[in-house]
Amino acid sequence: MTRPPLSPEQEAVYRLIEDTREHVFVTGRAGTGKSTLLQHLAWNTSKQIAVCAPTGVAALNVEGQTIHSLFRLPIGLIANTQLDQSDATRKILNAIDTLVIDEISMVNADLMDGIDRSLRQARGRRSEPFGGVQIVMFGDPYQLAPVPPRGDELRYIRDHYRSFWFFDAKVWNGEAASDGILDVGSYGADLQVRELIDIHRQSDQSFKAMLNAVRYGRVTADIAQILNDTGARTPPDAADDEPPIITLATRNDIVNAINRRHLDALPGRLQTAAAEVNGDFGRGEAAYPADAELRLKVGAQVMFLRNDTSSFGEPPRWVNGTIGTVTRIAGESVRVEIDGEEVDVEPAVWERFRYAYDPGSKSLSREIVAEFTQFPLRLAWAVTIHKSQGKTYDRAVIDLGSGAFAPGQTYVALSRLTSLDGLYLSRPLRPSDIRVDPDVQRWMAEMRAARPPAS
Ligand SMILES: Nc1ncnc2c1ncn2[C@@H]1O[C@H](COP(=O)(O)OP(=O)(O)OP(=O)(O)O)[C@@H](O)[C@H]1O
Ligand SMILES: [Mg+2]
């Protein structure tokens, strides 16, 4: 797939990461090209990097490994438990120059400190943050939050941290030595925060300003009225000549019910494609990148889960997030109509990677430990707002149902759209749908005061 050249601000952040050993947090509003920059880094860096992410699906997206499997960390609270490290794990952690973490907003403070301690221990450099490894994090705290802690975990976090966010981890404020495990004399790691400013997903200035207002919880009556007036339209029927439209809903049960209702209503024969899973793909369906059993009928509305990689020299026929309609199902291929053009889609292979240390070349290598093969399609009359993270849509119905329940949820939903013309609301936005996490506001304000964004 052809990649857009980096913009000057993306290039500057890339140079900072590539030319220095600074710890960097790359953030920015939805659509500013964080994921694009991460990909560029992974392809072009000359450093020994390991790419990881907090969840299995996020790791697959960046062709990395989950944090827990890379570091062999225990599930749940890590606190000051002893970390057992095998020879193999130690070797890998010793070979890393730069650790890249995507979706950092979902990493909690306890895990951040676990990463720090693990690297210090493996590398035998106990008084140096992250044992001397450069940390590069990508994410937007105004979008996804960590899974809220409960029970003992919640009590522990409350007692030890200002908040559960990664930016409140002890490693950033120099308390990491206080648990007695690390040498006295540790100091807090300096973090360079770089905010990308230019939005590439939307071009209309007034829509960008409205998204900004939603992001920061500063929606005025005027803005709410424009969004609600625009959104208060009946979505066009599937029968129309229009390209299909997707519903973004808050909860899984709503999404499943919408997809089931539409699939049942189609007249044709139901066909099921079973995924082929080789090797250890983690526990349960949640770790899978696509359905284990994909149920389809001719006429089904589907979303692509991968980019088209087979159109040499031509623009890709689809990207991750493209919506289409199934027109034929035949064994090894599913025909999908996208904007009036038909394409034949074959099963795709998702590879689960693991880093290994190669003593010969004294470098890190990446090996495939498991494969998941399935059509890169999912029923797409509806998806959860959570699963729509990172995606781009021209049109969508946003169904906030009984209300947005997480900070940033409404912002994520609205910011998927390329323009206001594509907005349909199943009910008007309410003030309570616009939620901003106070810890994010506090920390980002501190960061901006320390280093105002560059434009
Ligand atoms: N330098 C660039 N020039 C042109 N288009 C770009 C550039 N960088 C990114 N884009 C495009 O802008 C869109 C959004 O980029 P990307 O998904 O990387 O943003 P993001 O910051 O990761 O967004 P999100 O927070 O929603 O995940 C994509 O379609 C991408 O191809
Ligand atoms: Mg992204």
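Accessible area ranking (1.4 Å probe, heavy atoms, ligands and nucleic acids excluded), largest first, for H262, H23: H262, H23.
Peptides 106-115, 293-302, 27-36 ranked from most to least packed give 106-115, 27-36, 293-302, packing being the mean of other C-beta atoms within 10 angstrom over each peptide's residues. Counted over the chain, the DSSP beta bridges are approximately 55% antiparallel. Helical runs (DSSP H, four residues minimum) scored at -39500 (n - 2.57) apiece and divided by the length of the chain put the mean residue ellipticity at 222 nm at -8000 deg cm²/dmol.
Put a plus charge on the Cβ of each Lys and Arg, a minus charge on the Cβ of each Asp and Glu, and nothing anywhere else: the dipole of region 1-128 about its Cα centre is then about 240 debye. In this calculation the C-beta distance from D87 to L270 is compared with R0 = 41 Å, giving a FRET efficiency of 0.20. Along the axis of the charge dipole computed for region 195-271 (Cβ charges of +1 for Lys and Arg, -1 for Asp and Glu, origin at the Cα centre), the listed residues N252, H200, G217 are led at the positive end by N252.
A simple spin-label model places pseudo-atoms 7 Å from Cα toward Cβ; at R261 and Y156 they are separated by 4.3 nm.
Treating each Cα of region 356-427 as an identical point scatterer and summing with the Debye formula, the log10 of I(q)/I(0) at q = 0.12, 0.18, 0.25, 0.28 Å⁻¹ comes to -0.52, -0.76, -1.19, -1.36. From the Kirkwood radius over Cα pairs of region 268-385, Stokes-Einstein at 10 °C and 1.306 mPa s returns a whole-number translational diffusion coefficient of 101 µm²/s. For region 36-192, a simple Cβ point-charge model (Lys and Arg +1, Asp and Glu -1, everything else neutral) yields a dipole of about 260 debye relative to the Cα centre. The residue list M447, V383, L417 was ranked by how far each Cα lies along the charge dipole of region 323-455 toward its positive end, using unit charges on Cβ atoms, and M447 comes out on top.
Given +1 at the Cβ of Lys and Arg, -1 at the Cβ of Asp and Glu and no other charges, the dipole of the chain around its Cα centre is 780 debye to the nearest 20.
In this structure the chain gives 46 Å² per residue of accessible area when probed at 1.4 Å with all protein chains present. Taking the longest Cα principal axis of the chain as reference, the axis of helix 205-215 is set at about 60 degrees. Here's how it looks for W318: its modeled amide H is under 5 Å from those of D308, which are all 5 or more places away or on a different chain. Residue by residue, region 93-110 carries 3J(HN,Hα) couplings of 5, 6, 8, 6, 8, 9, 9, 9, 10, 8, 6, 4, 4, 8, 8, 8, 4, 5 Hz when phi is fed to the Karplus relation 6.51 cos²θ - 1.76 cosθ + 1.60 (θ = phi - 60°); x denotes Gly or Pro.
Once backbone amide H atoms are built at 1.01 Å from N, G28 has L196 as its partners under 5 Å, excluding neighbours fewer than 5 places away on the same chain. Summarising the overall dimensions of the chain from its C-alpha atoms, the Rg and Dmax are 22.6, 71 angstrom.
Surface composition of region 1-46: carbon plus sulfur atoms contribute 55% of the solvent-accessible area (1.4 Å probe, protein chains only, all chains present). When nucleic acids and ligands are ignored and a 1.4 Å probe is applied, S86 ends up with an accessible area of around 60 Å². Indicate the gyration tensor shape class of region 298-455 (rounded, prolate or oblate), computed on the Cα atoms with a ≥ b ≥ c the square roots of the eigenvalues: a/c under 1.5 is rounded; otherwise a/b larger than b/c is prolate and the rest oblate. Oblate, because a/c is 1.5 or more while a/b does not exceed b/c. Considering only V319, L429, G268, and ranking their Cα positions along the charge dipole of the chain that arises from unit charges at the beta-carbon of Lys, Arg, Asp and Glu, the one farthest toward the positive end is L429. The aspartates and glutamates whose alpha-carbon is closer than 13 Å to the alpha-carbon of K297, local same-chain residues fewer than 8 away aside, are D264. Listed by chain and number, the aspartates and glutamates whose alpha-carbon sits under 12 Å from that of K34, ignoring those within fewer than 8 places in the same chain, are E9, E11, D102, E103, D140, E195, D198.
The values are calculated or read from the model by the stated rules, or taken from the named source; none is laboratory data. None of the values given here were measured: they were computed from a predicted structure. Reconstructed Cβ throughout: ideal geometry from the backbone, glycine too, with neighbour counts over all protein chains shown. Surface areas here come from the heavy atoms of the whole protein model, side chains and all, with no ligands, DNA or RNA. Shrake-Rupley method; radii C 1.70, N 1.55, O 1.52, S 1.80 Å.
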